[in-house]
Amino acid sequence: MRPDLSKILFIDIETVPQEHTWNKLDEKTARLFSDKTRFEQERNGKTAEELWSERGGILAEFGKIICIGAGNLHKRGEAYELRVTSFQSANEYDVLTRFAELLNRHYDSDDHWLCAHNGKEFDFPYIARRCLVNRIPLPRILDIGGLKPWEVGHLDTMNMWSFGDRKAYTSLALLTHILGIPTPKDDITGADVARVFYEENGLERIAEYCKKDVVAMARVFLRLSGEVEDRIEQVTLV
């Protein structure tokens, strides 16, 4: 059954390492990160310190969420308005608390869905894990333990594009390019987020980038669902 478009929350998260540089880590955290990335070190010929800048923000045990972009579709005749907002702060607890409040208040029933690009492997479990670390009760839509696959309200545009192929990662940027979906030009990429956050205090800049990714991902979802992404005739960033 195709989900009601108005009951999907499109999300994207931006994460950074808990410390910007390796030398700021305490001894135990550094050792545990080294243990967790040991096979990558051997495979790529890199040290744990070198991997920290690449992987520290990607692993939920060592990173934190500084921004969550969220958007939903509102019917306007035969078209839709996409409203996108963001929750951002250097304080991860603040970001997660406000986002969890949104989910608990507006996305708390069986007919609601979350959608993200690579969300099943990254965004959804990352948010859930960081909620637990911060002692924030899991919103129902993220608490999937014991559920059957068809009972989980999670959609994933990368998974939709794979058609069962598990061999490769396809970026959102690549998908928008090959599908001919226009995306706003931006001056940063995901690889720049930690630097912009720690060295330039550029949280608002990161939030704008995150919201633009939500817009692009919503358009990709419509295309992959057999809809026409041009049905989004208005985008409102709030």
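MET158 satisfies every condition listed in (1) surrounded by 14 or more Cβ atoms within 10 Å (Cβ to Cβ); (2) of a type in the set (A, V, I, L, M); (3) outside any helix (DSSP H, G or I) except (3).
Within region 13-72, the set of residues being of a type in the set (Lys, Arg) and assigned to a strand (DSSP E or B) comprises LYS64 only. I want to confirm something. Restricting to region 112-132 and keeping residues that are in a loop (DSSP other than H, G, I, E, B) and surrounded by fewer than 22 Cβ atoms within 10 Å (Cβ to Cβ), which single residue is farthest from the chain's Cα centre (by Cα)? Taking the candidates together, the pick is HIS112. Tallying residues that are closer than 24 Å to ILE65 by Cβ, exposed (fewer than 15 other Cβ atoms within 10 Å of the Cβ) and of a type in the set (Gly, Ala, Ser) within region 20-48 yields 0.
Residue selection: ARG135 satisfies the criterion of being more than 15 Å from the chain's Cα centre (by Cα), free of Cβ contacts under 8 Å to residues at least 60 places away in the same chain and part of a loop (DSSP other than H, G, I, E, B). Of all residues in region 192-238, exactly one satisfies the criterion of being in a strand (DSSP E or B) and either within 15 Å of GLN88 (Cα to Cα) or under 19 Å from the mean Cα position of the chain (by Cα) (or both), namely LEU237. Within region 172-199, residues that are at pLDDT 90 or above reach partners that are aromatic (Phe, Trp, Tyr) with beta carbons closer than 7 Å, at six or more positions or on different chains, in the pairs LEU175/TRP161. For region 59-75, filtered to residues that are out of contact with any strand residue (DSSP E or B) (no Cβ under 7 Å at 6 or more places or on another chain) and surrounded by fewer than 14 Cβ atoms within 10 Å (Cβ to Cβ), the residue that is farthest from GLU208 (Cα to Cα) is GLU61.
The values are calculated or read from the model by the stated rules, or taken from the named source; none is laboratory data. Computed from a predicted model, the values in this text were never measured in an experiment. Neighbour counts are summed over all protein chains in view; Cβ atoms, including those assigned to glycine, are modelled from backbone coordinates with ideal geometry.
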